[in-house]
Amino acid sequence: MDITEALRTTAAVRDFTGEPVDDATVAAILDDARFAPSGGNRQPWRVAVVRSQDTMQRFAEVTRPIWDAYMATGEQGRVPFNVIDGAPPEDHATGYPNPLLDAPERTGVVLAIAADLRRVAAVDADADRLPMAGGGSVFPFCWSILLSARSRGVGGVLTTFMSRAEQEVAGELGLPPEHALCALIYLGVPTRIVTRLRREPVAAFASHETFDGPTFGD
Ligand SMILES: Cc1cc2nc3c(=O)[nH]c(=O)nc-3n(C[C@H](O)[C@H](O)[C@H](O)COP(=O)(O)O)c2cc1C
């Protein structure tokens, strides 16, 4: 697949047919993704290829309240879990739809992505704001997984809701000490292919020279 097309058409897919994604395909996807960049080229990622239905059910149980709080906060017009005003609402509805949680058995495979924190140069770890740099050594790898999957007819979605409760599945996953669970990537055969993505135009987020400079890309 042409890279420009892949970049512009890789949507988040949560609805899967239930067909498995076989080990050979997962191996090929990971073999592409391993070329992702990372700080100092230290490649801190570790991947658990999860097929156990019990583990997938457990993921759904643990992330359900997190997803509900996320959705309920969004319904109040706030950005969920943001560090400025991200407190979850006290009383809120439950059971917001998410096929990953409602029908985990239809997922083809889940890739649990961990980072070995001993290999991550978290240059802004002491900043007086939310540290952002460390994740940059693992999320390009995650995105490469999704791009490679798309090129092979496999859909998927990067999720981070488990990061809020990683200790609740650390045992099942055998998460080693000094590792962070960064993402669960759900992969499967999509029930339908969405290729038109809603994204802001360049002029909405880019400016000349400074962040308050003249609009770039008009
Ligand atoms: C860092 C990150 C975290 C995300 N976490 C979740 C998540 O916890 N659960 C989920 O269902 N989707 C999650 N997503 C998927 C986003 O909701 C999705 O990429 C976004 O809405 C764009 O969807 P689209 O490509 O279909 O337009 C996450 C995506 C990113 C990049």
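The values are calculated or read from the model by the stated rules, or taken from the named source; none is laboratory data. In this text the structure is predicted, and so the values were computed from the model without any measurement. Please note: Cβ atoms are built from the backbone with ideal geometry, for glycine as well, and neighbour counts cover all protein chains shown. These accessible areas exclude ligands, DNA and RNA; they are computed on the full protein's heavy atoms, side chains included. Shrake-Rupley method; radii C 1.70, N 1.55, O 1.52, S 1.80 Å.
A few comments on the model shown:
- Against the numbered list (1) open to solvent by 80 Å² or more (accessible area, probe 1.4 Å); (2) of a type outside the set (Phe, Trp, Tyr); (3) not in a loop (DSSP other than H, G, I, E, B), Ser144 comes up short only at (1).
- Within the range 104-133, considering residues that are within 16 Å of the ligand (Cβ to nearest atom) and without any contact (Cβ under 8 Å) to a residue 60 or more places away in the chain, the one nearest to Tyr186 (Cα to Cα): Pro104
- If the condition is being within 15 Å of the ligand (Cβ to nearest atom) and surrounded by fewer than 19 Cβ atoms within 10 Å (Cβ to Cβ), then the range 46-60 contributes only Ala60.
- Beta carbons closer than 7 Å, at least 6 apart along the sequence or on distinct chains, pair a first residue in the range 200-212 that is free of Cβ contacts under 8 Å to residues at least 40 places away in the same chain with a second that is assigned to a strand (DSSP E or B) and surrounded by 10 or more Cβ atoms within 10 Å (Cβ to Cβ) for Ala203/Thr215; Ser207/Thr215.
- Scope the range 1-45; condition of a type in the set (A, V, I, L, M) and buried (at least 17 other Cβ atoms within 10 Å of the Cβ); matching residues: Ala11, Val13, Val21, Val26, Ile29, Leu30, Ala33, Ala36
- The range 165-178: number of residues that are within 16 Å of the ligand (Cβ to nearest atom) and over 15 Å from Ile113 (Cβ atoms): 2
- Counted residues, the range 76-98 - those being closer than 30 Å to Pro44 by Cβ and within 16 Å of the ligand (Cβ to nearest atom): 8
- Number of the exception - Glu200 against (1) within 14 Å of the ligand (Cβ to nearest atom); (2) crowded, with 16+ Cβ neighbours inside 10 Å; (3) acidic (Asp, Glu): (2)
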